[in-house]
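Quick note: the coordinates plus some simple rules give every number you see, no bench work behind them. Since the structure is predicted, the reported quantities are computational estimates derived from the model, not experimental observations. A quick note on method: Cβ atoms are made from the backbone with ideal geometry, for glycine too, and the neighbour counts reach across all protein chains shown.
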Amino acid sequence: MLMTQDAARAARWRGFHAYLDVAVVVLVLIATNLIAHFTTVWASIATVPIAAVVLVALTRRRGLGWSELGLSPKQWKTGSIYALAAVGLVLAVIAIGALLPITRPFFMADRYATISAALVASMIVIPLQTVIPEELAFRGVLHGTLGRIYGARGVFAAGSLLFGLWHIASSLGLTANNTGFSNFLGGGLFGQVVGIVGAVIATAAAGFVFTWLRNRSGSLIAPIALHWSLNGLGALAAALVWHASTS
């Protein structure tokens, strides 16, 4: 009887700590987002990568295994196969979008107006400052901590929603800095609000797909590859569209 009570008490404590882990991860992500977008330039560069590493170290110390974080070497082969398929699909879609006159203006983002800027962003800034840290934080740490409590459905629902909300701050200037979105939605308050809501929905949907890849392959390699191809190849396509339109 005493052993049964001890086991029940231990189970309750494990459950409490699992919920506490999720709460800490979410609070760290909120703080990271605010610091990265509303403080200094250096904070915008370094905060997300540092926070991702800290979260991985913290959850490892809390008992999450490498497989729960999507970092197990056993899944590298499967993750690489899914990664190649994802990059190939995105490359085809981006190429079609950049070539079609109706969708080409949406690639005209001011920050990628030159080939050199797009190359630096695609090969250095996007993977190191955005893609890898975000995937470590969301499809790694958040995925692992949520999975211990809610299972796959909870991971898909909560993880995707939080990933969408994560992009509110970064979408504040969406219509002002993109010719296609500005022409389509307008540059006023209404256009800005619609742009933010659209960005949240789009990134939540992307988060759902990233989570599916993470679940399917068991590895972070696949969602990292898809995330990079959407951002990195998109940046290169934007530069090529700018170059073609001005030459």
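As a length-normalised measure over Cα pairs under 8 Å and 6 or more apart, the relative contact order of the chain settles at 32 percent. For the stretch 71-126, the orientation-averaged shadow of the C-alpha convex hull comes to 5.1 nm² (one quarter of the hull surface). Its residue count N sets the reference 2.2 N^0.38 Å, and the alpha-carbon radius of gyration of the chain equals 1.12 times that reference.
Think of the chain as having a plus end and a minus end, set by charges on the Cβ of Lys, Arg, Asp and Glu; of ALA205, ALA92, PHE106, ALA205 sits farthest toward the positive end of this dipole.
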